[in-house]
Ligand code: URA
């Protein structure tokens, strides 16, 4: 399929060519307008520098409550980033499942933690769960997820939780709860959910991060630049190489950009291959 489209077929140096990706053209979650730059109003408590700087979080006891104390009767208490920074996988899963730090907890069916190998070399960061993800409790299970899986498969990668970490991805979203009606994530929701993603990345320790769509880019790179201007080169998040690409839901509506997204994935694979050479 890739050859027919005159697209590059990426092949890992050390193994046989992976199966090519089937085309998926079904419509998906209609959220990520990746062409549009948007950086919201200054957000309470978010770190303001570029994401390549260290996130400063308080190192606190590892198993305290995951919410900080705030005056009663105002807003729900935010996630206690210092506590979350010390969580192991189990504590983190529990904290996400129990989170009531923003309004999305009222409308969600369940939280969507993330999926994949806990030591995957690849980490994919998307936007937020949609209706199907909210139902199933797993990210990217709808049409956009099928496209994502097909692209990953073409690189010899899967979201399986076991197996060779070099051939695995961990997939997480910037938000762990579905925004009602699949609306865009709000700044305060992103801010409150952020410690969970930060800790997921710390625990996985990926060798390459794929930021898919503008909300992942905003969360990880702290920039209002549109995806189209950030893709095609290597950024850094906490020292980890990061490649920006289009959100799969956007690709379902903008077929010409699929070829560009594929180039982005090949770039990420090249960066990783070079780092291992
Ligand atoms: N879009 C996302 O960004 N994440 C999902 O989990 C599903 C659709």
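Some notes on this structure:
- Rounded, prolate or oblate (a/c below 1.5 giving rounded, otherwise prolate when a/b exceeds b/c) for segment 123-207 by Cα gyration tensor: oblate
- Order of 153, 235, 247, 117 - criterion: other Cβ atoms within 10 Å of each residue's Cβ, fewest first: 153, 235, 117, 247
- Length-normalised contact order for segment 81-276 - Cα pairs under 8 Å, 6+ apart - percent: 23
- Cα gyration tensor shape for segment 146-277, rounded if a/c is under 1.5, else prolate or oblate: rounded
Values in this text are rule-based calculations from the coordinates and carry no lab data. Here the structure is a predicted model, which is why all the values come from computation and not from measurement. FYI the Cβ positions are ideal-geometry reconstructions off the backbone, even for glycines, and counts take in every protein chain you see.
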